[in-house]
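For reference, the structure is listed below as structure tokens.
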Protein chains: 2
Amino acid sequence: MTRRSTLGARNRGIPEATVARLPVYLRALHTLAERGVVTVSSEELAAAAGVNSAKLRKDLSHLGSYGTRGVGYEVQYLVYQISRELGLTQDWSVAIVGLGNLGRALAGYGGFASRGFRMSALLDADPAIVGDRINGLTVEHIDKLEQVITDCGISIAVLAVPASAAQAVCDRVVASGVTSILNFAPVVLTVPDGVDVRKVDLSIELQILAFHEQRKAGGPGGVEQEYLEAVDGS
Amino acid sequence: MTRRSTLGARNRGIPEATVARLPVYLRALHTLAERGVVTVSSEELAAAAGVNSAKLRKDLSHLGSYGTRGVGYEVQYLVYQISRELGLTQDWSVAIVGLGNLGRALAGYGGFASRGFRMSALLDADPAIVGDRINGLTVEHIDKLEQVITDCGISIAVLAVPASAAQAVCDRVVASGVTSILNFAPVVLTVPDGVDVRKVDLSIELQILAFHEQRKAGGPGGVEQEYLEAVDGS
DNA sequence: AAGCCTTTGTGAACGCACGCACAAAGTCGG
DNA sequence: CCGACTTTGTGCGTGCGTTCACAAAGGCTT
């Protein structure tokens, strides 16, 4: 049941690039707040967030007009406005599926709880892992996936399962009502319309670094002949 | 009449957006190769990688003209060309600094070794962790950072340390000769020109999902009054 | 050998995002 | 109360990235 809200004064069409930066601003603002800073200019906040100040102002202007000319932005107020826009003023129940090394790291990551994300369910298929207690939660068997997700009203799932199992698990969580997925498995997931998937691929990041690293060292090493050697040697 | 310029067939200015997708294509190609597929069309490969086929072709055209019209691309050959462009035909020594939950997960991640990345050094400041053996490597004390990085010829470092320590560790690895950094700490790192930093922030991804999730549910919950309640309650 | 069919590689149009630069708007000192 | 100063919010030009659509190019069949 998708209820379309009326087009109010606030522009609901926030650019994706802006959305991706709001969490960065939010973190910078929290750091400033801890230091007791009350107001901050776009210049200062932009420096703290590592972006251009004009970009910061334009990003914030998409949320509304929350600054004071000649002064800047009130830190606490801006924190609240960004949090609300991102949906962090409400609690989100999150399930983690797959509790290998990575899943455990995610389950114990403090950065989630402090931002309105509550780990509500941990699920795994391995009998050796089921029953473990991690961060005060017991790992359930994946057979209970549908039940747990429904009971806890979970709409966000984190997948830290092997690549071979990812699509199957994805299908199951979607069928259970999950509409947002954070995928750590190195596969392209197929999902129905209306379901969001974000992918984090650790090895891709390293490969991008390697590309630039190679450039600094003077471009791709050899030319054509290397390929023949490479396939020959196998 | 699009005669290639004197710059040679290969264009060295590959767009950043393309570079970011090459690893995705590479993974799809590996999957196809395992299945014994010999040639693949841009349409098929694009579907496997989850992108538009025109985009795929344009991306590949930046590397050179490696397809055959009417047939497609030879899988093995394309794997080699992309690997070479990304710099994966050589081995890269990588150091991981910080071996908490996340660092351990990264050290044990199989996706690295299979792509030319060799974990050469594990470093941590915690005496309780130093000396542990992870994946056949012993965790060294961070005091040896400079020595280890120099000796192993490490140019890529992965930072999985607490936010409070990140900048200091960053400065040290850079001073030791590292020119590429993969940062998992939730801070904006400052580095000299010529050093590349890529940031992976787990909580940011969840926040972006929350934003879209909230939209599906019907836009930001309340308006002005909520803020007053929120600050009042502190 | 010739024509048909498939698929690549790319010119061109479009849309988004970035950053400059400035007017509008508000503060603060006198 | 006024004028100078500071900082926001944004119009606009520019450049990058995406997508469409098609001519060129190669294989395959007859």
Within region B:168-188, tally of residues that are more than 7 Å from every other protein chain (Cβ to nearest Cβ) and within 26 Å of residue A:17 (Cα to Cα) = 5
remark   = In region A:63-118, anything buried (at least 19 other Cβ atoms within 10 Å of the Cβ), more than 16 Å from DNA strand C (Cβ to nearest atom) and part of a strand (DSSP E or B) is listed as A:92, A:94, A:95, A:96, A:97, A:117
message = Checking residue B:143 against (1) surrounded by fewer than 21 Cβ atoms within 10 Å (Cβ to Cβ); (2) not in a helix (DSSP H, G or I): exactly one of these is not met. Which one?
response = (2)
query = Considering region B:40-55 alone, what residues qualify as being within 9 Å of DNA strand D (Cβ to nearest atom) and over 18 Å from residue A:186 (Cβ atoms)?
reply = B:52, B:53, B:54, B:55
ask   = Among the listed residues B:191, B:161, which satisfies the condition of being at pLDDT 95 or above and away from every other protein chain (no Cβ under 12 Å)?
value = B:161
query = For region A:205-219, how many residues are of a type in the set (Gly, Ala, Ser) and crowded, with 18+ Cβ neighbours inside 10 Å?
reply = 1
ask   = Could you count how many residues in region B:90-118 are more than 8 Å from chain A (Cβ to nearest Cβ) and farther than 22 Å from residue A:214 by Cβ?
value = 6
task = Among what's in region B:33-62 and is of a type in the set (Val, Ile, Thr) and either more than 8 Å from DNA strand C (Cβ to nearest atom) or in a loop (DSSP other than H, G, I, E, B) (or both), pick the residue that is nearest to residue B:18 (Cα to Cα).
result = B:51
request  = Hey, could you check region A:71-97 for residues that are away from DNA strand D (no atom under 16 Å from the Cβ) and in contact with a strand residue (DSSP E or B) (Cβ under 6 Å, 6 or more places away or on another chain) and say which is farthest from residue A:42 (Cα to Cα)?
outcome  = A:97
query = Which residues, counting only those in region B:18-52, are in contact (Cβ under 8 Å) with a residue 12 or more places away in the chain and away from chain A (no Cβ under 14 Å)?
reply = B:37, B:39, B:40, B:41, B:42
ask   = List, please: which pairs have Cβ atoms under 7 Å, are six or more places apart or on different chains, and start with a residue in region A:94-113 that is at pLDDT 95 or above and end with one that is of a type in the set (Asp, Glu)?
value = A:98/A:124; A:99/A:124
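The values are calculated or read from the model by the stated rules, or taken from the named source; none is laboratory data. Please read all numbers here as calculations on a predicted model, not as lab measurements. Neighbour counts run over all protein chains shown; Cβ positions are idealised from the backbone, glycine included.
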